Amino acid sequence: MIGALFLLVVCIISCESSGMTEENDSSEGLLIPSQDMNEDIFSFFEKELPETSGAPYYDSGIPFVFSGNEKDQCIIINNKRDFEKVYTGKTSLPNIDFAQFTLVIVRNYVAAGIFRDKLSIKMMGKKSIFLNVFCKRGMGCYTANFIYLYSWSIFPKFEASKVVIKKYLDGQESDWAQ
């Protein structure tokens, strides 16, 4: 009984301290990244999409095509053909069941010293989403340098024609460039 009460208190505290804004904190329409992935997918992205580019103003050696000039971008991939279009590397693509899953690849322009934590998606109607990118400050010094920070996740299948990227730093909505 005491163990169950302790678990309930821990769950309430962790839910209340999520830092998400009221307009975005309802679990309705929230998509959670799939944990049902094989090791090939993790190995592929570990090799081909490191967390940071190490280059302040361009995608240095990243074998994915991001279109446009926006510093914060999201690629939503719902089939193998689209995956092949955005990947320019030589490694074989991992097998992803696009009938059940959607691959999301994100690039954000951030100050050096900020690290990726997690991604979540909130459906807003039938074709619009909020892509929530959660990051945290690293330990140590910060510089005025900016780098590209990359994230990826596989979500239950969804379609979206409009994406709004919402960024959170240490649990608070943030514009990392300031």
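Only the coordinates and a few stated rules stand behind these numbers; no lab work does. Quantities reported herein were computed from a predicted structural model and do not represent experimental measurements. Because the Cβ atoms are built from the backbone with ideal geometry, glycine has one as well, and the counts that use them run over all protein chains shown.
How much length is gained on full extension from K126 to N79, taking 0.36 nm per residue of separation minus their Cα-Cα distance?
15.0 nm
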Practice prompt. Count charges around E159 for me, please; just the other residues with Cβ under 13 Å from its Cβ, Lys/Arg as +1, Asp/Glu as -1.
Written response: +3
Item to complete: Quickly work out the T91-to-E173 label distance, labels modelled 7 Å from Cα along the C-beta direction, and quote it in nm with one decimal.
Response: 3.6 nm
Worksheet item: Sorted by packing (mean other beta-carbon atoms within 10 Å per residue), highest first, where do 125-135, 164-174 land?
Response: 125-135, 164-174
Worksheet, complete the sentence: Between E159 and E46, the FRET efficiency computed from the C-beta separation at R0 = 25 Å comes out, to the nearest 0.05, as 0.35
Worksheet, complete the sentence: Neighbours of I75 by Cβ distance under 10 Å: Lys/Arg at +1, Asp/Glu at -1, summed charge +1
